Amino acid sequence: MNSWCNMKRETTYRLNPMFQANLQKLLIHGEVLAREPMPANITVRLPSLEELKAYALDQWECFLLQLINSGQAEKPSNISSSVMKVFQKGLLSQRDKEAPRLTESGFQFLLMETNAQLWYIIREYISNAEERGVDPADLISFLLELSFHVTGEAYDIDTLTDEQRYAIKDLADLGLVKLQQGRKDSWFIPTKLATNLSMSLADSSSRKQGFVVVETNFRMYAYSSSKLHCEILRLFSRIEYQLPNLIVGAITKESLYNAFKNGITAEQIVTFLQQNAHPRVAERIPSVPENVTDQIRLWESDLNRVDITPAHFYDEFPSREVFEAACDYAREWNGLLWEDLKNMRLVVKADIHTHMREHLRRQK
């Protein structure tokens, strides 16, 4: 420490600059200091920031496209089993011998901002950590440390624990990091998605430029070459044709009814169109014509009428465990209409009554 005297002859102390810097790192990162970037003479062929941004975008879009296409015959093959478990619980559902399909949460997830999507996946990934034999506290610590790494710098994989190495592979599938292999060493490079973990969901600095123009006649023009953008727009609109950098479609009653059936709300569609408005119309008030937004909400209200569904009522369960298992079973079959946790009663669609009866018989 260095000491010096002020005008009042009182002795004060100033920490050694190097000791001060290391103390700050210790207070921020805990008992283990943050990893330092690898020297430039060891790493080779590091991508530029633009290349890294393009890589992260491609990985994230590929990840979302596999989610959208999960209901088709071919199952996703490029996503690790750890991340797929996150899907199975939150965004996908699967019956015996059937391909996975998007849940209502899955459809709604696709319309979220990228930063909100990222936080949803990370939150679910942490929630399922114990099932993979990973301490959630250690995983959270590692993700927080990763968010403060420098975008584009290389960090030695050999400094990671076994659990962190498994996690870094999952994060690479999502585009949060890029993995590279040298002659002797391996390293990971954080992308902008990883550093965005330290940002607030309300932070708009990382939001991408809008690309959608909606006209008063319900015609829609999306200036994008992204296949992901086309598939997302297809969730609630009719795509008519796609040029190399332009998607042309229309918002119709039939396309919106299909979206509402899948659990997407009118407010989510309106918000998506507003948040992704092309710069040419983004400054307008409103950015999406009022007659379009009003009609989207009206078409949704048309569906909010009383609808008669054949159903069966169940009560007098022997235990809460049996009741909760029955609710989960009905939910998996997309047949749960109503449940009363307090009195252990539930109503399910008549279509699954036979399956429910067999399930309850097995419980006995």
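Where a number appears in this text, it was derived from the coordinates with a stated rule and is not lab data. Fair warning: this is a prediction, and the values are worked out from it, not measured in the lab. Every residue, glycine as well, gets a Cβ built from its backbone with ideal geometry; the counts of neighbours run over all protein chains shown.
Bridges between two residues of region 212-303, per DSSP, are antiparallel at a rate of about 90%. In the chain, the longest principal axis of the Cα atoms and the axis of helix 81-90 are about 50 degrees apart. Calculated from the structure, Rg/Rh (Cα atoms, Kirkwood Rh) equals which of [x] 0.99; [y] 0.93; [z] 1.07? Step by step, Rg/Rh (Cα atoms, Kirkwood Rh) for this structure corresponds to label [z].
Helix-only mean residue ellipticity at 222 nm, the chain, DSSP H runs n ≥ 4 weighted -39,500 (n - 2.57), per residue, nearest 500. What is it? Rounded to the nearest 500, it is -13500 deg cm²/dmol. The angle separating the long axis of helix 162-174 from the principal Cα axis of greatest extent in the chain is about 60 degrees.
Averaging the Cα positions of each part gives two centres, and for region 217-238 and region 348-364 these lie 41 Å apart. Here the peptides 158-165, 350-357 are ranked by packing, the mean other Cβ count within 10 Å, and the order with the highest first is 350-357, 158-165.
FRET efficiency for the residue 282 to residue 58 pair, using the beta carbon distance and R₀ = 25 Å, is estimated at 0.50.
Return, ordered by residue number, the residues of region 298-326 whose backbone nitrogen is under 19 Å from a label point located 7 Å along Cα→Cβ of residue 337. Residues passing the 19 Å test: 303-317, 326. Calculated FRET efficiency, residue 36 to residue 355, Cβ-Cβ distance, R0 = 45 Å: about 0.20 to the nearest 0.05. Once you've got the GNM for the chain with C-alpha springs shorter than 10 Å, pick whichever of 37, 190, 318 has the biggest mean-square fluctuation. Ranking 37, 190, 318 by mean-square fluctuation puts 318 first. Beta bridges from DSSP with both residues in the chain: antiparallel share about 95 percent, rounded to the nearest 5.
Here the simple spin-label model places points 7 Å from the Cα toward Cβ, and for residue 48 and residue 230 these points are separated by 2.8 nm.
Taking each residue as 0.36 nm, the span from residue 303 to residue 321 lengthens on full extension beyond its C-alpha to C-alpha distance by 3.0 nm. Note on region 49-198: Lys pairs 8 or more places apart or on different chains, Cα atoms under 26 Å apart, count 18. Peptide packing: for 57-63, 240-246, the average count of neighbouring Cβ atoms within 10 Å per residue gives the ranking 57-63, 240-246, highest mean first. About its Cα centre, the dipole of region 212-303 is roughly 240 debye, where the only charges are +1 on Lys and Arg Cβ and -1 on Asp and Glu Cβ.
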